[in-house]
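This report concerns only the one structure given below.
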Amino acid sequence: MIRAFTMEDMPTVLKIWLTASIDAHHFISAKFWQEQLNDMRLFYIPAAESYLYQHGAQVLGFYSLYENKLAALFVKPEMQGLGIGGHLLEHARQQRERLTLNVYCDNQASVNFYRHKGAVIIGEQICPHTGHKEYKMQLTGLNGLSAHTKRAFPSP
């Protein structure tokens, strides 16, 4: 099931974020991600609208929206490839008419994932925090679709 984040979820969300960030971004040092942990805890996660994918008692992934931006979408590395990210993304698309997101160009797996889900590249920029090139991508939301079209995207 997908449910709203609560502050009690913070340790789990931070652990998923850190392990998945290090795993997906081999081109950025693990130390960089570890140094961002406190800002994630104090600023970024609390400022965002976040949702968790939970199976039984275990949280397997999450996403965060900040205004019309998909600020984060992370799945435990050992659970990737099972459709969890797709379910999270579909849920996020139901929350907004349009979403933008940034993906490092060197993170080809994520670029391919978002393109497969219908995202288009609308720009390129340098991440001010890491100096690495990233794509700005855009997705159309599902909340403007007809009820018939929405049935094609089942919820978990």
| request: Return a yes/no flag: does the range 42-52 have any residue that is within 18 Å of Pro11 (Cβ to Cβ), in contact with a strand residue (DSSP E or B) (Cβ under 9 Å, 6 or more places away or on another chain), free of Cβ contacts under 8 Å to residues at least 60 places away in the same chain and open to solvent by 90 Å² or more (accessible area, probe 1.4 Å). | output: yes
| query | Right, Glu97: more than 15 Å from the chain's Cα centre (by Cα) and modelled with pLDDT under 95 or not? | reply | yes
| Tally, over the range 1-29, of residues that are over 23 Å from His91 (Cα atoms) and either in a loop (DSSP other than H, G, I, E, B) or of a type in the set (Phe, Trp, Tyr) (or both) | 5
| field | The listed residue being modelled with pLDDT under 95 and not hydrophobic (A, V, I, L, M, F, W, C), out of Gly86, Gly81, Gly61 | value | Gly81
| note | Those residues of the range 96-116 that are surrounded by 14 or more Cβ atoms within 10 Å (Cβ to Cβ) and not hydrophobic (A, V, I, L, M, F, W, C) come to a total of 9
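Here is a yes/no grid of residues against (1) within 23 Å of Phe27 (Cα to Cα); (2) among the aliphatic types (A, V, I, L, M):
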{"residue": "Ala57", "(1), (2)": "no, yes"}
{"residue": "Ala72", "(1), (2)": "yes, yes"}
{"residue": "Gln80", "(1), (2)": "yes, no"}
{"residue": "Arg93", "(1), (2)": "no, no"}
{"residue": "Arg98", "(1), (2)": "no, no"}
{"residue": "Asn102", "(1), (2)": "yes, no"}
{"residue": "Ala109", "(1), (2)": "yes, yes"}
{"residue": "Tyr114", "(1), (2)": "yes, no"}
{"residue": "Met137", "(1), (2)": "yes, yes"}
| task | Consider Phe32 carefully, then state whether it is open to solvent by less than 60 Å² (accessible area, probe 1.4 Å) and either in contact with a strand residue (DSSP E or B) (Cβ under 6 Å, 6 or more places away or on another chain) or in a loop (DSSP other than H, G, I, E, B) (or both). | result | no
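The values are calculated or read from the model by the stated rules, or taken from the named source; none is laboratory data. Just so it is clear, the structure is predicted and the values come from calculations on it, not from any experiment. All Cβ positions, even for glycine, are placed from backbone atoms using ideal geometry, and neighbour counts span all protein chains on display. Note: areas computed on protein heavy atoms with side chains; ligands, DNA, RNA excluded. Shrake-Rupley method; radii C 1.70, N 1.55, O 1.52, S 1.80 Å.
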